[in-house]
């Protein structure tokens with residue numbers, strides 16, 4: 001179990017035992033570990049995209065686009081957004 005927890009912590013999960021009893025904590029860690037391959041650990045992992053399913057978005061024939069003003073961000077959130085946007089741009093997303 002310790003090895004699984006170490007792997008999850010290396011992936012960035014905070015799996016410290018807090019208010020959970022031992023059985024629930026072990027089940028939760030086992031669940032995360034068994035599905036560890038579906039979690040993204042690096043932004044570059046998103047560059048590949050998914051080829052699992054293609055889905056069309058159905059709209060009404062007379063539907064018009066809705067324009068809204070963007071939500072205003074504080075300075076720290078704006079810097080985080082710009083950083084993420086630049087990473088996506090570099091990856092071609």
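General observations
- Filter result (in a helix (DSSP H, G or I), surrounded by 10 or more Cβ atoms within 10 Å (Cβ to Cβ) and without any contact (Cβ under 8 Å) to a residue 12 or more places away in the chain) within the range 11-28: 24, 25, 27
- With respect to the stated conditions, residue 37 fails to be surrounded by 10 or more Cβ atoms within 10 Å (Cβ to Cβ), assigned to a helix (DSSP H, G or I) and either modelled with pLDDT under 85 or within 22 Å of the chain's Cα centre (by Cα) (or both).
- Residues (more than 25 Å from residue 44 (Cβ to Cβ) and part of a helix (DSSP H, G or I)) located in the range 69-88: 75
- Taken together, 31, 43, 8, 73 contain a single residue that is farther than 26 Å from residue 87 by Cα and either without any contact (Cβ under 8 Å) to a residue 40 or more places away in the chain or surrounded by 10 or more Cβ atoms within 10 Å (Cβ to Cβ) (or both), which is 31.
- Residue within the range 49-66 that is surrounded by 10 or more Cβ atoms within 10 Å (Cβ to Cβ), at negative phi and either over 17 Å from the mean Cα position of the chain (by Cα) or assigned to a loop (DSSP other than H, G, I, E, B) (or both) present: no
The values are calculated or read from the model by the stated rules, or taken from the named source; none is laboratory data. Predicted, not measured: the structure shown is a model, and the values here were computed from it. All Cβ positions, glycine included, derive from the backbone under ideal geometry; neighbour counts span all protein chains shown.
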